[in-house]
Amino acid sequence: MKRNMFFLVILSFLLVAGCSLATQEQAAPTKAPVQSDGGGGLSSDASAIAAERGLSPDDINAALKTYMPTGVHDDYMIFSSGGHSGQVLVIGVPSMRILKVIGVFTPEPWQGWGYGVGHEILDGGKVNGNDIHWADTHHPALSETAGEYDGEWLFINDKSMARIAVIDLRDFETKQIVKNPIAMNDHGGAFVTPNTEYIIEGGQYSAPLGGEYAPIEEYNDQYRGSVTLWKFNRDTGRIEMENSFAIELPPYWQDLCDAGKLASEGWIFCNSFNTERATGGIEKGNPPFEAGASQADTDYMHIIDLVKAEELFKAGKADVINDFSVISMQTAIDEGLLYLAPEPKSPHGVDVTPDGEFMVVSGKLDPHVTIYSIEKIKATIDAGKWETDDYGIPVLALDDVKEAQVELGLGPLHTQFDDQGYAYTSLFLDSMVARWALGGNFADKNPDEPWTLVGKTSVHYNIGHLMAAEGDTTSPDGKYLVAMNKWALDRFANVGPLLPQNFQLLDIDNEGDSMKLIYDMPLPLGEPHYAQMIKADKLSPWEIYPEVGWDSGKQEVSPNAVAPGEEKVVRDGKNVEVFMTAIRSHFTPEHVEIEQGDHVTWHITNIERAYDATHGFAIPGYDINLSLEANEHITFEFDATAPGVFSYYCTEFCSALHLEMKGYLLVKPAE
Ligand code: CUK
Ligand code: CUA
């Protein structure tokens, strides 16, 4: 009897959820029914499975909302930081399937990234001449046109070494890495301006600009913060160093930034902490940073007039540090492009609302979010109403620029938005997502509606960022929100003391206080801080490279492309050049005979035209492994230091005779 009740509950739930028998059975034909469905049209096998697995109606709802039949594609794509892996993860929503790992700052063997190709690009990320083999990626940013993701480019920062990478979304490959010449680390990047004119990279831990040395005792005078504006050229798809500039900021730890949009376009906002300018030294009896940097009731939101800053830079009024243009703090003050506003209490994150009217700042140690109004900020600046900080920077009074404060819970961090006038804020200490109403200022809202908390949902556990569908654009989609949880604890099978991160998908496609948790996704590499979610149909990547002989680094046909019939090995003194083609299931040539001490330049063109016809190419002992996608050409070089017989072979299982796709590199010992 109890059993039947259970099935009835499930049945009515499925019917309410609009799940028809036909769809179910087409998607997954079932065996003979074991339980009557009472004529409601539901396959009773589904009920039996649910009962056997102990699934609740909510579980079934979640499964129905996230399951993707084979061949059906996801509606949204997440571009997530790969954390310490230095890579970017591409994840489908709602299925939460990982679709790609993009090699960015870190070598990635399968793609051959850093194992024969990509060296030039990875070299852009060298620090003080040192090769760097990891990165602490935090914030990916999709390129925008008029404040909307346009699906063309992706940028991501490396917090540990203040680097920014450019990824081309035609082939999901990294094309450029730049190292910030004035800062060793960053945090407030990458964020783009509404037409991707600039990529914003805010600093983090203050230090003398340009990598100079100064004793910690000279912190107030010698240490500085910064924000860097990287100029992006869409035609070339590259950041232009010479058209980029930075602004010197006080040694407050600038944290996260966001670009103004619509009402606030042309402005940049960065929160900060440690405006106390604590310098640590617990071992010397000083307060540790965690205490020293949390003494004051407020820190400062930095408000930067990017339009003025750009004018000054173009007028040549910037100083030069390490060959990089830097607008000095004094110039920024004199020219009226830098303002501060108090923000309570150990703030983290500043997020601009979709209409650009408001900036939302969370206080890690304050249960509120504080909302600032760009209208009030501009009016206060125009009225010249401010005091100054120790460096002479105008400080606008909180009461003059504040629109509202909303009490949400413990440890608010980051805020995203939907299409219904709601904001969503992660609550780290509460392990919850708070949904709150953005007051009456939004178009289709009742003008009397207050700024107020609407509901909270538990997530598991210790949520950092969260991301909503199109959540950083001028027109968010709602529908889905992902909680990016730092701790997983009991959510997955024990895999030892280092646990995966936990991405949890929430269904936010409803009114009021209910948000439903519909998927748990373990992430087993690095700590991904942030991600953005784009409508999948905004992306239009290539299926294969446009022409045979394609150099993906330059996105053009390589002058070294090898045509069938033109394969050869050419010697010029100690320099040997190999011209090779690859096609199922052979490389031509299959013998490459050289001598120890030769310098080898090896050209390979994959002359396949078929979708997904990728070949690998590995030379053991020389750390060479390539991925040659259809039409792709790669040139790599190495010194033949060791004599011997080396079997080069295809590392992709490309055909029935894949194992035969090999050749011999014969390196004769030097005389
Ligand atoms: S974050 Cu980088 S410390 Cu809240 Cu964007 Cu995690
Ligand atoms: Cu080509 Cu295996």
query = Failed condition for Ser552, given (1) buried (at least 17 other Cβ atoms within 10 Å of the Cβ); (2) within 16 Å of ligand 2 (Cβ to nearest atom); (3) in contact (Cβ under 8 Å) with a residue 60 or more places away in the chain; (4) over 24 Å from Pro669 (Cβ atoms), with all others met?
reply = (2)
remark   = Checking Leu666, Leu659 in turn, the sole residue that is within 13 Å of ligand 2 (Cβ to nearest atom) and surrounded by fewer than 17 Cβ atoms within 10 Å (Cβ to Cβ) turns out to be Leu659
inquiry  = Of everything in the range 586-597, what is surrounded by 19 or more Cβ atoms within 10 Å (Cβ to Cβ) and out of contact with any Cys (no Cβ under 9 Å at 6 or more places or on another chain)? Give them in sequence order.
reply    = Val592, Ile594
key: Of all residues in the range 309-361 being over 29 Å from Gln532 (Cβ atoms), assigned to a helix (DSSP H, G or I) and touching a helix residue (DSSP H, G or I) at 6+ places or on another chain (Cβ under 9 Å), the one that is nearest to ligand 1 (Cβ to nearest atom)   = Ala332
ask   = What is the residue count in the range 514-561 for residues that are more than 25 Å from the chain's Cα centre (by Cα) and farther than 23 Å from Thr66 by Cα?
value = 12
message = Please pick out the residue among Gly210, Gly202 that is crowded, with 23+ Cβ neighbours inside 10 Å and not basic (Lys, Arg).
response = Gly202
task = Could you pull out every one of the strands (runs of 3 or more DSSP E) wholly within the range 515-582 that has 3 or more residues that are in the same structural domain as Met432 (by TED's automatic domain parsing), away from ligand 1 (no atom under 16 Å from the Cβ) and within 21 Å of Ile167 (Cβ to Cβ)?
result = none
query = Does the range 585-608 contain any residue that is within 33 Å of the chain's Cα centre (by Cα) and more than 21 Å from Tyr115 (Cα to Cα)?
reply = yes
ask   = Pick from Asp319, Asp323, Asp297: which is more than 21 Å from Thr415 (Cα to Cα), under 29 Å from the mean Cα position of the chain (by Cα) and surrounded by fewer than 16 Cβ atoms within 10 Å (Cβ to Cβ)?
value = Asp323
query = Out of the range 138-175, which residues are of a type in the set (D, E, K, R), part of a loop (DSSP other than H, G, I, E, B) and under 11 Å from Gly86 (Cα atoms)?
reply = Lys159
ask   = closer than 23 Å to Ala183 by Cα, touching a Ser or Thr at 6+ places or on another chain (Cβ under 8 Å) and at pLDDT below 95, is that true of Phe313?
value = no
query = In the range 380-393, is there at least one residue being closer than 27 Å to Gly292 by Cα and in a strand (DSSP E or B)?
reply = yes
task = Quick one: which residue in Val192, Val166 is away from ligand 1 (no atom under 16 Å from the Cβ), in the same structural domain as Gly125 (by TED's automatic domain parsing) and aliphatic (A, V, I, L, M)?
result = Val166
message = Return the pair list, or none, for Cβ contacts closer than 6 Å from residues in the range 142-165 that are surrounded by fewer than 20 Cβ atoms within 10 Å (Cβ to Cβ) to residues that are of a type in the set (A, V, I, L, M), at least 6 apart or on different chains.
response = Glu152/Leu169
key: Top-ranked residue of the range 362-377 - restricted to ones that are free of Cβ contacts under 8 Å to residues at least 40 places away in the same chain and surrounded by fewer than 24 Cβ atoms within 10 Å (Cβ to Cβ), ranked as nearest to ligand 1 (Cβ to nearest atom)   = Ser373
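Listed residues Asp623, Asp639; which is under 27 Å from Glu120 (Cα atoms), surrounded by fewer than 21 Cβ atoms within 10 Å (Cβ to Cβ), over 34 Å from the mean Cα position of the chain (by Cα) and away from ligand 2 (no atom under 16 Å from the Cβ)?
Asp639
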inquiry  = Tell me the residue from Asp448, Asp472, Asp419 that is charged (D, E, K, R) and more than 31 Å from the chain's Cα centre (by Cα), please.
reply    = Asp448
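Which ones in the range 337-347 are surrounded by fewer than 24 Cβ atoms within 10 Å (Cβ to Cβ) and closer than 14 Å to Gly411 by Cα?
Pro344, Lys345, Ser346
Take the residues in the range 241-264 that are surrounded by fewer than 19 Cβ atoms within 10 Å (Cβ to Cβ) and closer than 25 Å to Val326 by Cα, then tell me which one is nearest to ligand 1 (Cβ to nearest atom).
Only one residue tops the list, namely Met241.
The values are calculated or read from the model by the stated rules, or taken from the named source; none is laboratory data. Not measured: the values here are computed from a predicted model. Cβ atoms come from the backbone with ideal geometry, glycine included; neighbour counts cover every protein chain shown.
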